[in-house]
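Structure, as structure tokens:
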Amino acid sequence: AAASLQDVLAAIALQFSTTHPDIAIDYNFGASGSLQQQIQQGAPADIFFSAASQPMDELAKKEMILPGARKSIVANELALIAPLATDLKMTDISQLKYANIQRFAVGEFRSVPAGQYAEQVFEKFDLLSFLQSKFVFGNNVRTVLSAVESGNADLGMVYTTDAALSTRVTVLTTAPPNSHSPIDYPIAIVKGTSAPNAAQIFIDFLTTEVAQQIFEDFGFSRN
């Protein structure tokens, strides 16, 4: 599952285990693009829960997910964050053009969906050339958050749900929804799983009111 789902899925697992004690959940979190590559290379997985459609589309093209098993579970937003002690004041992404910053933490554009969405925002606001020399790339959205928390980056772009979990960053502004592709979290059963029935039970549970409320508590929005 995508790194941005780590905390919410841990909470959901506790709830799930009370009603399905016979099904054990073993999570592996990382950047969605990296997890997609691992699955393609034969890493054992029953379920793939991505932070973007593209990695799931790639597995579907290679017929590596079960037909008809794919669902869109939740949605998210992008936040521009800074360390708590920042002097920066911004109300709009376009103001980045005038920001006096040295380091901007962002997810790898190739493999980290949060980075790919951020790249779309930078392109929309014509910021890529200005920010290019300032980027500090993280291999998942949580490493981006850590870079800003520690003060190793002046700014960063993460999901609003990641920012909400931290007491060491402040949200300056959020990216307009029309500045990037919809931040959609699809889930599917991986072809070749040895536990398709258990996998489907877990996916079905994620769509229940109980699970959806937990997602909302962690800042995700319903699709």
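Of all residues in the range 112-135, those satisfying the criterion of being more than 18 Å from the chain's Cα centre (by Cα) and either open to solvent by 10 Å² or more (accessible area, probe 1.4 Å) or touching a residue at least 40 places away in the same chain (Cβ under 8 Å) (or both) are 123, 124, 125, 126, 128, 129, 130, 132, 133, 134, 135.
So is residue 211 open to solvent by 10 Å² or more (accessible area, probe 1.4 Å) and in contact with a strand residue (DSSP E or B) (Cβ under 9 Å, 6 or more places away or on another chain) or not? Spelling it out, it is not the case that residue 211 is open to solvent by 10 Å² or more (accessible area, probe 1.4 Å) and in contact with a strand residue (DSSP E or B) (Cβ under 9 Å, 6 or more places away or on another chain). Checking 161, 174, 170, 193 one by one, the residue that is touching a residue at least 40 places away in the same chain (Cβ under 8 Å), crowded, with 19+ Cβ neighbours inside 10 Å and among the hydroxyl-bearing types (Ser, Thr, Tyr) is 161 and no other.
Could you check the range 190-222 and list, in sequence order, the residues that are of a type outside the set (Lys, Arg) and in contact with an Asp or Glu (Cβ under 7 Å, 6 or more places away or on another chain)?
Initially, the range 190-222 is screened for residues of a type outside the set (Lys, Arg), giving 190, 192-221.
Those that are of a type outside the set (Lys, Arg) and in contact with an Asp or Glu (Cβ under 7 Å, 6 or more places away or on another chain): 190, 193, 195, 199, 218.
Beta carbons closer than 7 Å, at least 6 apart along the sequence or on distinct chains, pair a first residue in the range 7-31 that is within 14 Å of residue 211 (Cα to Cα) and assigned to a helix (DSSP H, G or I) with a second that is among the β-branched types (Val, Ile, Thr) and open to solvent by 50 Å² or more (accessible area, probe 1.4 Å) for 13/25; 15/210; 16/25. Residue 221 meets the conditions (1) within 19 Å of residue 67 (Cα to Cα); (2) in contact with a strand residue (DSSP E or B) (Cβ under 7 Å, 6 or more places away or on another chain); (3) small (Gly, Ala, Ser) in every case but one. The failed one is (1).
The values are calculated or read from the model by the stated rules, or taken from the named source; none is laboratory data. A quick note: this is a predicted structure, and the numbers were derived from the prediction, not measured. Here the Cβ is made from the backbone with ideal geometry for all residues, glycine too, and neighbour counts use every protein chain on show. To get the accessible areas, we keep the full protein, side chains included, count just its heavy atoms, and leave off ligands, DNA and RNA. Shrake-Rupley method; radii C 1.70, N 1.55, O 1.52, S 1.80 Å.
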